[in-house]
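The values are calculated or read from the model by the stated rules, or taken from the named source; none is laboratory data. If you're wondering where the values come from, they're calculated on a predicted model, not measured in any experiment. Cβ coordinates were reconstructed from backbone atoms using ideal geometry, including for glycine residues, and neighbour counts include every protein chain displayed. Ligands, DNA and RNA are stripped out before the accessible areas are found, and what is left, the full protein with its side chains, is counted by its heavy atoms. Shrake-Rupley method; radii C 1.70, N 1.55, O 1.52, S 1.80 Å.
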Amino acid sequence: MKLPPIFVDRKRTQSEMDLPSPPVTPYTGNKKRKSSTSEIIEQDAATGIARDPVLFPRQESIADVASDEPLFGPVFPPAAEALVEQHINSHMARFENKLNKPTRDEYLLALSCVPIVSAQFNRNPVAWAKEERETLERQLIMMNRCSPQRLEARLKKIAPAPVKKAATSHHRVQRTPRVKRTPKSTPKQKVLDSFDTPPSNNRPPRAIGTNRDDTDYGAIDDFSPPLETLGSNAKALKADWKGQMLDLTHDPDRQLLSPAEFNLAATLRLSCATYLCSKRRIFEARVRALNVGKEFRKTDAQQACKIDVNKASKLWTAYDRVGWFRPEHFQQYMR
């Protein structure tokens, strides 16, 4: 088989072949004879070959590694080795039935431990005694902090468990069987002959959004600011609430509310009586806060009212916007 000829573009030119070789290092080549750098330079001058300078010249004098230091850990004298062997032979019989027997390395590790207490004491006895004293005092403080007397004082005394009395007779009293209850029958529904709206009863419609437990506004002291203090801020007495407004047209207490308050109560779906109770409770809490020098916030209004906390927050925001929480409105009630 004949190999294909080399392409012209892949052939090396004579100039490329005359390029100097890579730098020579004295650590390569014939290991039997190591010539020095000066000898290499003299040979190059005689032959006329130009070589690159040596990058890493060999140092003739290399410091030998100290042979007196062991490579892996300290080497113990023969006396110590003999002591370990003697101790293992005399005491290893104790550990025949033990799982974790002491090994030779553990014995040597124990011998390598050297106490330094005396060296530290001799270096500065006063400083050593002071440091030990401080350590002892810290330990005493920790011990006193966890003393049994204090722990017993913190523990809560619990009443002893009741002692079961011995039964006087071994005969067990039989309980009377329960009377079986008869299941209630499902109430019968009226059958209608047509899909027309059935006639409504004469009962008055139930007011939605009212709280029967908080409608007695007459039993609560009225510390509310006069309605005249609204002035031009009557339009600011409003709130935003999701849902349809409550129809208070036929509410029996609607005449006690100003038009702005009437709109506010309808927006929050509160009856007039519930609104008046919540309003009086809020300003009663405001007077108490002023007497003790405390700020009045939304959480205080929520705790004072007996309605939804979100509605109480809306009332607080509306009253604060028109300035009804200012201290000058309650000077006559201050102690």
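Taken together, the residues in region 278-335 that are in a helix (DSSP H, G or I), among the basic types (Lys, Arg) and within 39 Å of the chain's Cα centre (by Cα) amount to 6.
In the set (1) at pLDDT 70 or above; (2) open to solvent by less than 80 Å² (accessible area, probe 1.4 Å), residue 143 fails one condition alone, (2). Is one or more of the residues making up region 268-279 under 21 Å from residue 320 (Cα atoms), of a type outside the set (Phe, Trp, Tyr) and open to solvent by 20 Å² or more (accessible area, probe 1.4 Å)? Yes - at least one qualifying residue is present in region 268-279. Looking only at residues in region 280-292 that are free of Cβ contacts under 8 Å to residues at least 40 places away in the same chain and open to solvent by less than 20 Å² (accessible area, probe 1.4 Å), the one that is nearest to residue 307 (Cα to Cα) is 282.
For residue 307, all conditions in the list (1) open to solvent by less than 20 Å² (accessible area, probe 1.4 Å); (2) touching a helix residue (DSSP H, G or I) at 6+ places or on another chain (Cβ under 6 Å); (3) closer than 17 Å to residue 214 by Cβ hold save one; what is the number of the exception? Condition not satisfied by residue 307: (1).
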